[in-house]
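Only one structure is covered here, and it is reproduced in the block below.
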Amino acid sequence: MKTGLVLEGGGMRGLFSAGVMDVMMEHGIRFDGIVGVSAGATFGCNYKSHQPGRVLRYNIRFKDDPRYMGLRSLLRTGDLVEAEFSYHTMPNELDVFDRETFRNDPTEFHVVCTDVETGEPVYHRIDVMGDEGLDWIRASASMPLVSRPVALDGRLLLDGGISDSIPLRYFQGLGFDRNVVILTQPKGYFKRRTKLMPLFYLFMRRYPAIVRAMGCRHLMYNDELSYLSEQERRGNILLICPQETLPIGRTEQKEEKMRRVYGMGRQKGLEMIQTIKDFL
């Protein structure tokens, strides 16, 4: 039996997931595989590199740095999250990502992206976190409208959450049949069609498959929630999610809110740590 950790995205809501993961790392919990989408990928890779605390640390350290994330970066580069600084300078020089530990840890690490030409999910396993691996993580987290597509393996890629927000079926298909799933929305959440569709029609018309995917993303997401409920009833997954809507926006960088959401994740992790151990 292979155990897996499935991480959805949600931008800065992912600090909740980071809090849960840090508690699990501190208690020595390991998985055979991890799959992350968007923020689930950017934050989840620190599990395989054994670096608890790193996610909150660098987000607070660089929250006011114009090279990291914000309108200035969007206007200057076309990316809300500045690619060179965030995915190369920062992990290579300023808050170093432990590439050696990542490479030597036996846990499989997978990310989900979306092909802009087809609107279909693209799954990729990262074994070595070199520059290409970092670009796969960047692609997984490149939100439409505020990011340029990332060219990899002959494809143009954007945020994996567009096409497969909670990739449990994908992981089960690889043989990970006992999975912990961390969500960044509370139980009972129901996604509605995005109100930003006029902007997609206007600014993403070069990629009609992305426009179509965003138009029905809520249907995909709610179907995945239904599948999670079924799998939870069958005892195949352990679902971890916040008790209430997290008090932070997708791109919000207020330190107080970041610490609060991270703390909510740690609290949930501590509350469930024995349940997690028993489940695995």
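What does the extension gain come out to for Lys277 and Leu219, with contour length at 0.36 nm per residue minus their alpha carbon separation? Walk me through the numbers on the way to the answer.
Details: separation 58, 0.36 × 58 = 20.88 nm, distance 3.31 nm.
Working it through step by step, the gained length comes to 17.6 nm.
When the accessible area of segment 1-54 is split by element with a 1.4 Å probe, what percent falls to carbon and sulfur? It would help to have the intermediate numbers written out before the result.
Numbers: 570 of 1100 Å².
Solvent-exposed carbon and sulfur of segment 1-54 make up 52 percent of the total.
Restrict the search to segment 185-215; then list the trypsin sites (Lys or Arg not before Pro) that DSSP places in a loop and that have at most 16 other Cβ atoms within 10 Å of their Cβ. Could you put the intermediate results ahead of the total?
On the way: sites: Lys187, Lys191, Arg192, Arg193, Lys195, Arg205, Arg206, Arg212; in loops: Lys187, Lys191, Arg192, Arg193, Lys195, Arg205, Arg206.
Hits after loop and neighbour filter: Lys187, Lys191, Arg192, Arg193, Lys195, Arg205, Arg206.
Residues of segment 163-200 with backbone nitrogen within less than 14 Å of a virtual label 7 Å along the Cα-to-Cβ line of Arg234, please, listed as ranges.
Taking a point 7 Å out along Cα→Cβ of Arg234, the residues of segment 163-200 whose backbone N falls under 14 Å are 168-179.
Using only C-alpha positions, report the orientation-averaged shadow area of the convex hull of segment 60-216, nm², one decimal.
Values: hull surface 43.7 nm².
That works out to 10.9 nm².
Calculate what fraction, in whole %, of the accessible area of segment 186-229 sits on carbon and sulfur atoms when a 1.4 Å probe is rolled over the protein chains. Please list the in-between numbers first.
Values: 1760 of 2910 Å².
Result for segment 186-229: 60 percent of the exposed heavy-atom area is carbon or sulfur.
Check which residues have an amide H placed less than 5 Å from Val122's amide H, if you skip close sequence neighbours.
Cys113, Thr114, Asp115
For segment 3-127, what are the per-bin percents of Cα-Cα distances with bins 5 Å wide, up to the bin holding the maximum?
With a bin width of 5 Å, the distribution comes to 2, 10, 19, 23, 21, 14, 8, 2, 0.
Between Glu84 and Glu256, what length comes free when the chain is fully extended (0.36 nm per residue of separation minus the Cα-Cα distance, one decimal in nm)? The partial results should precede the final answer.
Working: separation 172, 0.36 × 172 = 61.92 nm, distance 2.69 nm.
Residue separation times 0.36 nm, minus the Cα-Cα distance, leaves 59.2 nm.
For the chain, what is the percent of antiparallel DSSP beta bridges, rounded to the nearest 5?
On the way: 12 of 31 bridges.
DSSP beta bridges in the chain are roughly 40 percent antiparallel.
Using all alpha carbons of segment 214-264, what is the percent of pairwise distances in each 5 Å bin, ordered from the shortest bin to the longest?
5, 15, 16, 16, 17, 18, 11, 2
Strictly greater than 30 Å: what percent of every Cα pair in the chain meets that?
Numbers: 8932 of 39060 pairs.
Across the chain, Cα pairs with separations above 30 Å total 23 percent.
Taking Cα centroids, how far is segment 222-239 from segment 13-55 in Å?
Going from one Cα centre to the other spans 21 Å.
Using 7 Å Cα-to-Cβ label points, what is the Gln267/Lys195 separation (nm, one decimal)?
My value for the distance between the label points is 2.8 nm.
What pairs in Lys191/Lys268; Lys63/Lys268; Lys187/Lys277; Lys191/Lys254; Lys2/Lys257; Lys195/Lys268 have C-alpha atoms more than 27 Å from each other? Present the calculation step by step, with values, prior to reporting the outcome.
Numbers: Lys191/Lys268 23 Å; Lys63/Lys268 25 Å; Lys187/Lys277 22 Å; Lys191/Lys254 25 Å; Lys2/Lys257 36 Å; Lys195/Lys268 31 Å.
With Cα atoms farther than 27 Å apart: Lys2/Lys257; Lys195/Lys268.
Tell me, in nm to one decimal, what length is gained between Arg103 and Glu26 on full extension, where the rule is 0.36 nm per residue of separation less the Cα-Cα distance? Don't skip to the answer; put the middle values down first.
Values: separation 77, 0.36 × 77 = 27.72 nm, distance 2.00 nm.
Stretched fully, the Arg103-Glu26 segment lengthens by 25.7 nm.
The values are calculated or read from the model by the stated rules, or taken from the named source; none is laboratory data. The model shown is predicted, which means the values in this text are computed figures rather than measured ones. FYI the Cβ positions are ideal-geometry reconstructions off the backbone, even for glycines, and counts take in every protein chain you see. These accessible areas exclude ligands, DNA and RNA; they are computed on the full protein's heavy atoms, side chains included. Shrake-Rupley method; radii C 1.70, N 1.55, O 1.52, S 1.80 Å.
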